[in-house]
């Protein structure tokens, strides 16, 4: 219990410091939301000044930070300058779309990576292992954007999958089942792109930790007692290689909101990615701040979960 | 007949194909034999151990043959080898802190070894694990140890867990790679005792790898020395008895070893003015002890236990009745025959310090019975003394010690060695454990049980301690006023009943 409380306090502290740092960084970067209006000859300087005042941009940075923290407490996370709605609701809609993409991708990624990594480790040095190593290095060295573009190219040429957006036009008139089906079809490309990007490093990590576990004296001893196959894998190799993998799983939890930014933009999936890019270009301060905080929140939660899992799994940590 | 044969075993590693980690090693192992392997670190001992059971990494290049009961293990598939490992060939690794998974309770890890080889339900496997844990001396609070994680146990306990894993499926051969390297001296002695006991009791052969000459000298029957992957010397140990293959099988089948019928002994007390006063010390006692068995004898002081023991040992004669040993009547023997009788029955007393002449060395004390009989030459007697020391688990160096330099437990071991010198059929243990602390007592008991299992000795164990007798004896006779009043099987005994009988405070129906 004390362990949990300690970790929670630690997490809260991280969140607070990240919010301050991000706020300071945005503050220090040149330009602001209304700069575009200033160069427009049709709009007078006084109008711009009034707009700035209305949006609270004329107050001192400290005052603005405190105001922002207050709005966080109300669940608003400030007001978006471009959309004129609380950032909270805006982020939530977009985050939901992103999670619809990333959660299944991450789950499938681990579901493939665990057995594949273990299998590769147990059959280390065979031709299958060498082929995978080559393939995964190739995939690792491909930039995300290239993977996305390649998939788009294939989809366009074959016409099998829709190449952008989340729904077909006019989907509102359809029933619930048909809408879900339509969305799933639209999700195939970004999902595949995401999986191709996520999978190789995870498999590599699983393989590496499993190899380390297989070479550990405890596993060699278990083999010496004739323990083999499924029993050896599930009771010895997997638990012994779990520590680094649990930490990695925590990190991939953190990546849930950030891993797909680029792919969403390229494939025009209405998630956090496009919103973030828009807001950055427009200097929509509160949205950028909110999105960063959301990413940090996921990171902190992921790490917290990883720590708690480790605590539950490893008797040495407990005592 | 060899159970395990190794011929020209050679191992080369991927990185250094030129250098041979193990270079043409050959040896053969008999049933129940303990083969020591010595040599400096890096000489290839451990690599050889792993090569024997096919546990080397894939990049190692192995050649030569390893045969278990004539079957070539190197020609087996990996699946077959996995079936052999842990079932026919057990292995004990050196670092108990590393050889167990830190994430699993040790009980589960012992059960895993059972499950890997036999389809066995959960409860049965657990029972078997607990039994084996008791066998390897994880005596107290078995359940707690069963549930413990390795880091919660001491080094000695972990090492015993490893031994339990290695022997739970009763393998014919156990490879022990430095099993005592990380243990302190007392625990080390226990573990070596355990290995010796297993080799005599279950006929398990051991390949005992150790860099310690002391460990090998006190335990191994034969030692091969390795250097740079090669066997450079084989030290046959001539003073060691050759291992007896599967000794215990035929021990109990040949009728009673001791058969006492209607034994009676009257002490006559002469008073000053000729009045005679008779005490019936032993009054019509019938007792049988099967070959290789232990009979417990208890009863209040003055009930006639010791008189009976003295008669059995030939130190006193019966007034009536007869004693047969291995079927031959021993009553009324004279001269040389009586001497032979005495050699067949030996007594071990409570106070071993008093029983040993303080001026005699251990060597002198042990060979004294042989000197008295004028048996063997000087050299033969010396060899016999070393052999006996080994049998009772004392290092050969202690041969020149005097009783004063030894601990109570060690003196009792010397007393046992001395009693065994004439190759007796029967040992009478007259309160032989009373002066010893619990731990030493357990070790001496284990030692005696090991000797009994190999040599088929019969024991008559006299004690007031009923718990001790229930542990040691299969049957217990209760004596009172010169008669046997009850002979219940030890297992069926309510212990408070026995305590009352032994203390003489309770009337027992005859």
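Listed residues A:60, A:11, A:46; which is within 21 Å of residue A:77 (Cβ to Cβ) and either surrounded by fewer than 11 Cβ atoms within 10 Å (Cβ to Cβ) or over 34 Å from the mean Cα position of the chain (by Cα) (or both)? Working first, answer last.
Values: A:11 fails: either surrounded by fewer than 11 Cβ atoms within 10 Å (Cβ to Cβ) or over 34 Å from the mean Cα position of the chain (by Cα) (or both); A:46 fails: within 21 Å of residue A:77 (Cβ to Cβ).
Criteria check complete, one pass: A:60.
If you check B:101, B:96, which single one turns out to be touching a helix residue (DSSP H, G or I) at 6+ places or on another chain (Cβ under 8 Å), within 11 Å of residue B:150 (Cβ to Cβ) and more than 8 Å from every other protein chain (Cβ to nearest Cβ)?
B:96
Can you pull out the helices (runs of 4 or more DSSP H) entirely within segment A:33-90 that have at least 2 residues that are within 18 Å of residue A:19 (Cα to Cα)?
Filter on segment A:33-90 gives A:61-73.
In this structure, is residue B:124 more than 10 Å from chain A (Cβ to nearest Cβ) and either in a loop (DSSP other than H, G, I, E, B) or under 19 Å from residue B:143 (Cβ atoms) (or both)?
Criteria met by residue B:124.
Which of the residues spanning segment A:204-222 are crowded, with 22+ Cβ neighbours inside 10 Å and more than 14 Å from chain B (Cβ to nearest Cβ)?
Hits for segment A:204-222 are A:206, A:207, A:210.
Would it be correct to say that residue B:132 is closer than 28 Å to residue B:66 by Cβ, surrounded by fewer than 22 Cβ atoms within 10 Å (Cβ to Cβ), modelled with pLDDT under 90 and within 13 Å of chain A (Cβ to nearest Cβ)?
Here the answer is no, as residue B:132 does not meet what is asked.
Applying the selection to segment B:146-161, what residues are in contact (Cβ under 8 Å) with a residue 40 or more places away in the chain and more than 14 Å from every other protein chain (Cβ to nearest Cβ)?
B:146, B:155
Can you confirm whether residue A:66 is surrounded by fewer than 19 Cβ atoms within 10 Å (Cβ to Cβ) and in contact (Cβ under 8 Å) with a residue 12 or more places away in the chain?
No, not satisfied.
A quick yes/no check of all residues on (1) within 21 Å of residue B:94 (Cβ to Cβ); (2) crowded, with 20+ Cβ neighbours inside 10 Å; (3) free of Cβ contacts under 8 Å to residues at least 40 places away in the same chain:
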| site | (1), (2), (3) |
| --- | --- |
| B:144 | no, no, yes |
| B:167 | yes, yes, no |
| B:173 | yes, yes, no |
| B:203 | no, yes, no |
| B:206 | yes, yes, no |
| B:219 | yes, yes, no |
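Looking at segment B:109-121, which of the residues that are more than 8 Å from every other protein chain (Cβ to nearest Cβ) and free of Cβ contacts under 8 Å to residues at least 12 places away in the same chain is farthest from residue B:143 (Cα to Cα)?
B:119
Which of the residues that make up segment A:224-262 are in contact with a strand residue (DSSP E or B) (Cβ under 7 Å, 6 or more places away or on another chain) and part of a helix (DSSP H, G or I)?
The one that is in contact with a strand residue (DSSP E or B) (Cβ under 7 Å, 6 or more places away or on another chain) and part of a helix (DSSP H, G or I): A:224.
So is residue B:376 at positive phi and surrounded by 17 or more Cβ atoms within 10 Å (Cβ to Cβ) or not?
Judged against the criteria, residue B:376 is not a match.
If we keep just the residues of segment B:162-181 that are in a helix (DSSP H, G or I) and within 11 Å of chain A (Cβ to nearest Cβ), which is nearest to residue B:31 (Cα to Cα)?
Among residues in segment B:162-181 that are in a helix (DSSP H, G or I) and within 11 Å of chain A (Cβ to nearest Cβ), the one nearest to residue B:31 (Cα to Cα) is B:167.
Taking the residues in segment B:56-85 that are assigned to a helix (DSSP H, G or I) and within 12 Å of another protein chain (Cβ to nearest Cβ) as candidates, determine which candidate is surrounded by the most Cβ atoms within 10 Å (Cβ to Cβ).
Result: B:82.
Given the conditions (1) at pLDDT below 85; (2) surrounded by 14 or more Cβ atoms within 10 Å (Cβ to Cβ); (3) part of a helix (DSSP H, G or I), which single one is not true for residue A:114?
Evaluating residue A:114 over (1) at pLDDT below 85; (2) surrounded by 14 or more Cβ atoms within 10 Å (Cβ to Cβ); (3) part of a helix (DSSP H, G or I) leaves (1) as the failure.
Which of the residues spanning segment A:223-238 are more than 7 Å from chain B (Cβ to nearest Cβ) and free of Cβ contacts under 8 Å to residues at least 60 places away in the same chain?
The answer is A:229, A:230, A:232, A:234.
Every residue, every condition in (1) surrounded by 16 or more Cβ atoms within 10 Å (Cβ to Cβ); (2) within 25 Å of the chain's Cα centre (by Cα); (3) at negative phi, yes or no:
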residue	(1), (2), (3)
A:127	no, no, yes
A:139	no, yes, yes
A:142	no, yes, yes
A:150	no, yes, yes
A:154	no, no, yes
A:165	no, yes, no
A:180	no, yes, yes
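Table: residues versus (1) surrounded by 16 or more Cβ atoms within 10 Å (Cβ to Cβ); (2) free of Cβ contacts under 8 Å to residues at least 60 places away in the same chain; (3) touching a strand residue (DSSP E or B) at 6+ places or on another chain (Cβ under 9 Å).
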residue: B:288; (1), (2), (3): yes, yes, yes
residue: B:292; (1), (2), (3): yes, no, yes
residue: B:300; (1), (2), (3): yes, no, yes
residue: B:320; (1), (2), (3): no, yes, yes
residue: B:324; (1), (2), (3): yes, no, yes
residue: B:328; (1), (2), (3): no, yes, no
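When segment A:265-319 is examined, which residues are found to be within 30 Å of residue A:236 (Cα to Cα), without any contact (Cβ under 8 Å) to a residue 40 or more places away in the chain and assigned to a helix (DSSP H, G or I)?
A:312, A:315, A:316, A:317, A:318
The values are calculated or read from the model by the stated rules, or taken from the named source; none is laboratory data. Since we're looking at a predicted model, the values are computed, not measured. Note: ideal-geometry Cβ built from the backbone for every residue, glycine included; neighbour counts use all protein chains shown.
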